[in-house]
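The values are calculated or read from the model by the stated rules, or taken from the named source; none is laboratory data. In this text the structure is predicted, and so the values were computed from the model without any measurement. Cβ placement follows ideal geometry from the backbone for every residue including glycine, while neighbour counts extend to all protein chains displayed. Keep in mind that these areas ignore ligands, DNA and RNA; they rest on the heavy atoms of the full protein, side chains included. Shrake-Rupley method; radii C 1.70, N 1.55, O 1.52, S 1.80 Å.
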Amino acid sequence: TTRSNQPTEIFPNVLRQALAAVPARGGALYLLRDNPSQLEMQCSENIPPLPRIVEIDPGQFRTEPAEQAHSPMCETFLERLRAPSLLDRPNDLAVPLCCRGRVLGMLVFTDVDLDALTPEIQDMLLSIGQQVGVTIESLQNTEGLRRSSELLQTVFDGISDMLVLLDRDLRIRMVNQAHIRHFATRPDQGEETGCRSPGGCATCPFVKCGVEAVFRTRKPMVEEIPGRKGDIYLVHYYPILDETGEVSGIVRYAKDITAQKRVDQKIQQTEKLAAVGQLAAG
């Protein structure tokens, strides 16, 4: 379970290893999906036709962690591991895949020699179910983190202005596509060097900034900053505080207001000319 992080590799290997130690003809591994009363087959080996999707009653193969902890080789082992709605033959066996009291799936064995199920094999089956359950939860958590990261990147990229996530050392951890297009900055350019490193400010698209003040005040800040190409940006800083109240990162949001500033300057110039004209006319 630790040689790979892909379920397509882990589950067949687990099933194959278990079948090598259990007096059974074949087996299959099922996982619980979105519907808590539905099982989906992930892999199988040497089994008679079994349904790929199974509607089951969770109470039919409910595990009892407290009982397992005190007596994993208890006499009710076979009864607890039955799943009547899935296994129609008396010599089939289902081992719950558990983690922290939750059943995440089943490991099914077909044509089991029940007389050969020694207490040691029963103990091993329960241990397999718990170990595979831990692996399943780890895979699910990893997948959840990956999806969360992709969702966060999608939100970043959906913002049309420049957005950057900086860590406490002011190294770039995430940028959106608008920032990449505007400043030609790749996401990995700022991972090793930050504003506080020698020459770090030279890589910043702004002439100067007040990001250090955010670390002192631990409050959001906004300022107008000139760019290195003569453009002007309205920059917002949003500090990310850790559990101790210290700044662990900063979200920097920059909007190009160069065109707006030029329009404002033209309006001001026009107003001045109008005022001079009124004065001359008077």
* Residues being acidic (Asp, Glu) and under 16 Å from VAL251 (Cβ atoms): count how many of those fall in the stretch 143-162. => 2
* Is it true that PRO51 is surrounded by 11 or more Cβ atoms within 10 Å (Cβ to Cβ), at pLDDT below 65 and either more than 18 Å from LEU19 (Cα to Cα) or out of contact with any Lys or Arg (no Cβ under 6 Å at 6 or more places or on another chain) (or both)? -> no
* To do: Identify the single condition in (1) touching a strand residue (DSSP E or B) at 6+ places or on another chain (Cβ under 7 Å); (2) within 22 Å of GLU55 (Cα to Cα) that LEU125 does not satisfy, given that it satisfies every other one.
  => (2)
* The lone exception for ASP92 - which of (1) open to solvent by 20 Å² or more (accessible area, probe 1.4 Å); (2) more than 24 Å from the chain's Cα centre (by Cα) it fails -> (1)
* Structure fact -> Restricted to the stretch 230-259 and to residues being over 37 Å from the mean Cα position of the chain (by Cα) and either under 24 Å from PHE156 (Cα atoms) or among the hydrophobic types (A, V, I, L, M, F, W, C) (or both), the residue surrounded by the most Cβ atoms within 10 Å (Cβ to Cβ) is ASP231
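Table: residues versus (1) open to solvent by 20 Å² or more (accessible area, probe 1.4 Å); (2) at negative phi.
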{"site": "GLY101", "(1), (2)": "yes, no"}
{"site": "MET106", "(1), (2)": "no, yes"}
{"site": "ASP113", "(1), (2)": "yes, yes"}
{"site": "MET124", "(1), (2)": "yes, yes"}
{"site": "GLY144", "(1), (2)": "yes, yes"}
{"site": "VAL155", "(1), (2)": "yes, yes"}
{"site": "VAL164", "(1), (2)": "no, yes"}
{"site": "ARG171", "(1), (2)": "yes, yes"}
* Report, by residue number, each residue of the stretch 205-229 that is open to solvent by less than 50 Å² (accessible area, probe 1.4 Å), touching a Phe, Trp or Tyr at 6+ places or on another chain (Cβ under 7 Å) and either among the hydroxyl-bearing types (Ser, Thr, Tyr) or not in a loop (DSSP other than H, G, I, E, B) (or both). => PHE206, VAL211, VAL214, ILE225, GLY227
* Structure fact -> Of the residues in the stretch 160-171, those that are under 14 Å from PRO239 (Cα atoms) and hydrophobic (A, V, I, L, M, F, W, C) come to LEU163, VAL164, LEU165, LEU166, LEU170
* Scan the stretch 216-231 and report the pairs whose first residue is farther than 16 Å from TYR253 by Cβ and whose second residue is at pLDDT below 85 and in a loop (DSSP other than H, G, I, E, B), with Cβ atoms within less than 7 Å and a gap of 6+ or a chain change. => PRO226/VAL207; ARG228/PRO205; ARG228/VAL207
* To do: Report, ordered by the first and then the second residue, all pairs with beta carbons closer than 8 Å, sequence separation of six or more or different chains, a first member in the stretch 91-112 that is among the charged types (D, E, K, R), and a second member that is open to solvent by less than 10 Å² (accessible area, probe 1.4 Å).
  => ASP92/VAL108; ASP92/PHE109; ASP92/THR110; ASP92/VAL112; ARG102/GLY133; ASP111/GLY26; ASP111/ASP92
* Before we move on, is THR270 modelled with pLDDT under 90, in a helix (DSSP H, G or I) and β-branched (Val, Ile, Thr)? -> yes
* Applying the selection to the stretch 129-138, what residues are open to solvent by less than 30 Å² (accessible area, probe 1.4 Å) and of a type in the set (A, V, I, L, M)? -> VAL132, ILE136
* Cross-chain or 6+ apart pairs with Cβ under 6 Å, the stretch 1-19 first and farther than 16 Å from MET41 by Cα and of a type in the set (S, T, N, Q), then at pLDDT below 90 and open to solvent by less than 80 Å² (accessible area, probe 1.4 Å) -> THR1/ILE10; THR1/THR135; SER4/ILE10
